[in-house]
1. Please go through the range 209-239 and give me each residue that is loosely packed, with under 14 Cβ neighbours inside 10 Å and part of a loop (DSSP other than H, G, I, E, B), ordered by number.
2. So which pairs qualify, if the first residue must be in the range 202-226 and without any contact (Cβ under 8 Å) to a residue 24 or more places away in the chain, the second must be of a type in the set (S, T, N, Q) and part of a helix (DSSP H, G or I), the Cβ gap must be under 8 Å, and the two must be at least 6 apart or on different chains?
3. Kindly evaluate residue 100 against the criterion of being buried (at least 23 other Cβ atoms within 10 Å of the Cβ), in contact with a Ser or Thr (Cβ under 8 Å, 6 or more places away or on another chain) and either over 30 Å from residue 211 (Cα atoms) or of a type outside the set (S, T, N, Q) (or both).
4. Sort through 53, 67, 76 and tell me the only one that's within 24 Å of residue 129 (Cα to Cα), in contact with a His (Cβ under 6 Å, 6 or more places away or on another chain) and not aromatic (Phe, Trp, Tyr).
5. Pairs only if they're at least six apart or on different chains, beta carbon under 7 angstrom, first in the range 114-140 and within 17 Å of residue 63 (Cβ to Cβ), second outside any loop (DSSP other than H, G, I, E, B) and of a type in the set (Asp, Glu); list them, first residue then second.
6. I need every pair where a residue in the range 158-174 that is touching a residue at least 60 places away in the same chain (Cβ under 8 Å) has its Cβ under 9 Å from the Cβ of a residue that is outside any strand (DSSP E or B) and among the hydroxyl-bearing types (Ser, Thr, Tyr), sequence separation at least 6 or different chains.
7. Assigned to a helix (DSSP H, G or I) and under 17 Å from the mean Cα position of the chain (by Cα): is that true of residue 49 in this structure?
8. Return yes or no: is residue 206 modelled with pLDDT of 95 or more and assigned to a helix (DSSP H, G or I)?
Amino acid sequence: MIRVYLPPDANTLLSITDHCLRSRNHVNVIVAGKQSAPQWLGMDDALKHCAAGIGIWEWASNDSNSGPDVVMACCGDVPTLETLAAVSLLRAYLPDVKMRVVNVVDLMKLQPPNEHPNGLPDKDFDALFTTDKPIIFAFHGYPWLIHRLTYRRTNHKNLHVRGYKEEGTTSTPFDMVVMNDLDRFHLVADVIDRIPLHGSRADYAKQALRDKRFEHKQYIAKHGEDMPEIRNWRWSGTV
């Protein structure tokens, strides 16, 4: 049996590695980067998250009292970073939007249990992703893979995946993400389009996002590195 893991941070990677080294009669695939990255979970929380393979990050969500307007899903270190940055931007631009952040560590959780032993039953999948709300899914690899794994799920029609599109050349780390439409600005624009949101606040937010992408291109052309607000970004729940 093949199991595929995409840890969002170092503690989760350590937990997954320990689990994989102790396992027998499995082919374990761990997809992880080698660059410095933010630490999202303490070790205790990382152990619980890895054991489940998927879950809501309550500390990043704001839908506990009302249910979400949109589900922000992520799988992999860079997609997780960009999703959380997008959540911060949404809280600043459109604070009334209710968001649920779902992080995926075990990719096989997306399949039904009759397709893979690690798969989630439909009722558990629906409890995480809802049956009728837009899902903006940021993924480390090709978008079509997420669609193949979830095509039988109730809410597949509302699943919108951002991932690798084989776009890119020698550039900055964030520019590679922008070229594949996986950056925080594209993710926020997706939310505005998919909910959908109307009115002045949404219009001004979309223009601000467009201007940020232009500013990013101008900055890297001049300085050869990402903007300080990108390089130095830290989670605070806001921008």
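1. 224, 232, 234, 236, 237, 238, 239
2. none
3. Against the criterion (buried (at least 23 other Cβ atoms within 10 Å of the Cβ), in contact with a Ser or Thr (Cβ under 8 Å, 6 or more places away or on another chain) and either over 30 Å from residue 211 (Cα atoms) or of a type outside the set (S, T, N, Q) (or both)), residue 100 qualifies.
4. Answer to the check: 76.
5. Short answer, once both residue conditions are applied: 136/190.
6. Cβ pairs passing all conditions: 163/142.
7. yes
8. no
The values are calculated or read from the model by the stated rules, or taken from the named source; none is laboratory data. Values in this document were obtained by computation on a predicted structure and should not be read as measured data. Neighbour counts run over all protein chains shown; Cβ positions are idealised from the backbone, glycine included.
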